[in-house]
Amino acid sequence: MKYESQRVAMPYFIFALVLFAGQIVFGLILGLQYVVGDFLFPEIPFNVARMVHTNLLIVWLLFGFMGATYYLVPEEAQTELYSPLLAWILFWVFAVAGTLTILGYLFVDYATLADVTMNRLLPTMGREFLEQPTITKIGILVVVLGFLFNVMMTALKGRKTVVNIVLVTGLIGLGVLWLFSFYNPSNLTTDKYYWWFVVHLWVEGVWELIMGAILAYVLIKITGVDREVIEKWLYVIIAMALITGIIGTGHHFFWIGPPEYWLWLGSVFSALEPLPFFMMVLFAFTMINRRKRNQPNKAAALWAMGTAVMAFLGAGVWGFLHTLAPVNYYTHGSQITAAHGHMAFYGAYVMIVLTIISYAMPIMRGRPYGNSNTAQVVEMWGFWLMTISMVFITLFLTGAGILQIWLQRIPESGEALSFMATQDNIALFYWMRLIAGCFFMAGLVVYFGSFLIKGQASPAEEARGPALQDA
Amino acid sequence: MAERFTKSMARNIYLGGSTFFVLLFLVLTFDTQSRAMPERDNRDQLTEQVVRGKHVWENNNCVGCHSLMGEGAYFAPELANVFDRRGGADSEVFKAYMNAWMNAMPTNVPGRRQMPQFNLTDQEIDDLSSFLEWTSKIDDNGWPPNIEG
């Protein structure tokens, strides 16, 4: 760690991981409710647990992105963070607001929550992923603006690297697109259309810039490959992401009202959306193969390769599986969507945050060459347990989805099974998904356990000579 | 990548490509929203009651279990065509059905998925019914494939 102010990333990472654990607990509750329908009813109905599960994900990923940014921007810019104090204040504002919102979901009836937070003044609640009370949405906006100010003041006063430029561009996009969460027209089709400006243009747009920049930074650090080469890859990847992903938004416009030309545009462009993720796989593996140094933090390198591969599988392959309009006609809103959602979020965004944590946390804890070998082995066990569990969660949900389509969607009206009758028929897949989810939780516990192991790697483990000073 | 392909070329593809596609997306959005949608979303029937029904839908987080036009959670049935499925495409029948349904929840059948009791007024149930009826009439390119949603 070259700059003391980078350390402000630490609370962000820790809080992100705490929320991650909460997300998985609620994931298990949901998984059980899928097969034991009245589990925890009426105390925690499914809709509440789901809201907690998805909102915790969004919030902890934002904490992760912010932590990553506070860590890497000063080092890239070669200057201290503009205001560590502001970063600390915003941390507490965001942590308190986020916690209160989650507690509100759990302990206050949603309609009452809408009422007491005066949703009627500016109704924004009750839409998938955007369930937060309007006041929380404003809070998120304030935190993001303060964060952007702090980061841009830092980036602008120092060295302007491509990693910083791309990361800050992605973060500005994140903030600007968030504004659409405040737009909730009374026409449902218009509402849905602009809702995707937040949801799709985040995860299949600007978040890919953030992911690409973090991955590029970690690869520069752990491989010692020339920055020029890495920056060129980064530009190509984010170019592909935006060229395919922006018009690719059209794959969400097939069945919610917009005209038929979106069937073509959405199909063609989103069929190309796997390209940037495939390039990230090539990028990560090529850079690590061409490494100029053998840094001892093997766990970070595993996460970096893992995030590229799993993002390609989850976002790329599982996205492509159901993105063509004639296929999506049958798969839309089925368990196939859930399968894709799980692996894509885990592969692309959970794993990129865990990548930067794996790289940066040991350094912030005074272990510049990484954790001890034992701790890394335990961390890698956590990696494999979580990742393989997620593969199985995805496969079981895909199986459930295929059967659901076969029973409920393909037959003619009158012959098709009803939604609930179909759910009864595919319960076995939900049980297996739940078991895979329990293994995921076990993996998370193992991963957390790796933080408790003392000791650090030594510079002697650098097999190919000393670390190159980053140019 | 070959040396002939330089970083500045990569940057130009990124800047040029993303600018072009952002602009194209804005043009398509303008066309969709201003030309196409008025003919497809039957907005002339978007009454005050439908708008109130949308707020009932939102304030009770219905999308946390159900899907609407395929979007939402997949824990409970699709509702964009429930007007056709349970109401036989008849407003009065559908409102009567909705009233009976909403007041009968939860079923409390052991082990079954449970829908909470939202304590909606008769007026709110009528508003919600109007919203779902209006939604069922949006031109959505013929989705879902059959009545089961």
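A:Leu141 meets the conditions (1) over 21 Å from A:Asn55 (Cβ atoms); (2) of a type in the set (A, V, I, L, M, F, W, C); (3) surrounded by fewer than 19 Cβ atoms within 10 Å (Cβ to Cβ) in every case but one. The failed one is (1). When we screen B:Ile125, B:Ile147 for residues that are touching a residue at least 24 places away in the same chain (Cβ under 8 Å), surrounded by fewer than 22 Cβ atoms within 10 Å (Cβ to Cβ), in a loop (DSSP other than H, G, I, E, B) and hydrophobic (A, V, I, L, M, F, W, C), the only hit is B:Ile147. May I ask you to list pairs of residues, at least six apart or on different chains, whose Cβ atoms are under 6 Å apart, with the first in the stretch A:284-307 being in contact (Cβ under 8 Å) with a residue 40 or more places away in the chain and under 15 Å from A:Glu228 (Cα atoms) and the second being surrounded by 24 or more Cβ atoms within 10 Å (Cβ to Cβ) and hydroxyl-bearing (Ser, Thr, Tyr)? Close Cβ pairs satisfying both conditions: A:Met287/A:Thr223; A:Arg291/A:Thr223. Here is a check on your reading of the model: is A:Met390 in contact with a Lys or Arg (Cβ under 9 Å, 6 or more places away or on another chain), touching a residue at least 24 places away in the same chain (Cβ under 8 Å), part of a helix (DSSP H, G or I) and buried (at least 20 other Cβ atoms within 10 Å of the Cβ)? Spelling it out, it is not the case that A:Met390 is in contact with a Lys or Arg (Cβ under 9 Å, 6 or more places away or on another chain), touching a residue at least 24 places away in the same chain (Cβ under 8 Å), part of a helix (DSSP H, G or I) and buried (at least 20 other Cβ atoms within 10 Å of the Cβ).
Taking each residue of the stretch B:38-49 that is hydrophobic (A, V, I, L, M, F, W, C) and looking for partners that are in a helix (DSSP H, G or I) with beta-carbon atoms closer than 7 Å, six or more apart or interchain, yields B:Leu46/B:Trp134. Surrounded by fewer than 21 Cβ atoms within 10 Å (Cβ to Cβ), closer than 30 Å to B:Glu78 by Cα and either touching a residue at least 24 places away in the same chain (Cβ under 8 Å) or not basic (Lys, Arg) (or both): does that describe A:Leu428? Yes, satisfied.
Listed by position, the helices (runs of 4 or more DSSP H) enclosed by the stretch A:186-278 that each have at least 2 residues that are facing chain B (nearest Cβ under 7 Å) are A:188-201, A:227-248.
For the stretch A:224-236, does any single residue satisfy the condition of being on the phi < 0 side of the Ramachandran plot, at pLDDT 95 or above and touching an Asp or Glu at 6+ places or on another chain (Cβ under 7 Å)? No, the conditions are met nowhere in the stretch A:224-236.
Just one of the listed residues (A:Gly37, A:Gly104) is without any contact (Cβ under 8 Å) to a residue 12 or more places away in the chain, of a type in the set (Gly, Ala, Ser) and within 14 Å of chain B (Cβ to nearest Cβ), namely A:Gly37.
Among the residues of the stretch B:30-65 satisfying the criterion of being more than 9 Å from chain A (Cβ to nearest Cβ) and in a loop (DSSP other than H, G, I, E, B), which is farthest from A:Ala338 (Cα to Cα)? Ranking the qualifying residues of the stretch B:30-65, first place goes to B:Thr47. Restricting attention to the stretch A:354-380, the residues that are within 24 Å of A:Gly306 (Cα to Cα), out of contact with any Ser or Thr (no Cβ under 8 Å at 6 or more places or on another chain) and either surrounded by 18 or more Cβ atoms within 10 Å (Cβ to Cβ) or not β-branched (Val, Ile, Thr) (or both) total 16. Here A:Leu148 fulfils each of the conditions (1) over 27 Å from the mean Cα position of the chain (by Cα); (2) more than 14 Å from chain B (Cβ to nearest Cβ) apart from (1).
Where helices (runs of 4 or more DSSP H) fall entirely within the stretch A:298-351, those with at least 3 residues that are within 18 Å of A:Gln23 (Cβ to Cβ) and either in contact with a helix residue (DSSP H, G or I) (Cβ under 8 Å, 6 or more places away or on another chain) or more than 14 Å from chain B (Cβ to nearest Cβ) (or both) are at A:335-344.
For the stretch B:89-112, filtering for residues that are of a type in the set (A, V, I, L, M), surrounded by 12 or more Cβ atoms within 10 Å (Cβ to Cβ) and within 14 Å of another protein chain (Cβ to nearest Cβ) leaves 3. Among the residues of this structure, B:Trp101 does not count as one that is in contact with a Phe, Trp or Tyr (Cβ under 9 Å, 6 or more places away or on another chain) and assigned by TED's automatic domain parsing to the domain that holds B:Phe118. For the stretch B:68-86, the criterion of a residue being of a type in the set (Ser, Thr, Tyr) and either in a strand (DSSP E or B) or more than 7 Å from chain A (Cβ to nearest Cβ) (or both) is satisfied by no position. For the stretch B:114-138, a residue qualifies if it is more than 14 Å from B:Ala100 (Cα to Cα) and more than 7 Å from chain A (Cβ to nearest Cβ), and the qualifying residues are B:Asp127, B:Ser130, B:Phe131, B:Leu132, B:Glu133, B:Trp134, B:Ser136, B:Lys137.
The values are calculated or read from the model by the stated rules, or taken from the named source; none is laboratory data. Since we're looking at a predicted model, the values are computed, not measured. FYI the Cβ positions are ideal-geometry reconstructions off the backbone, even for glycines, and counts take in every protein chain you see.
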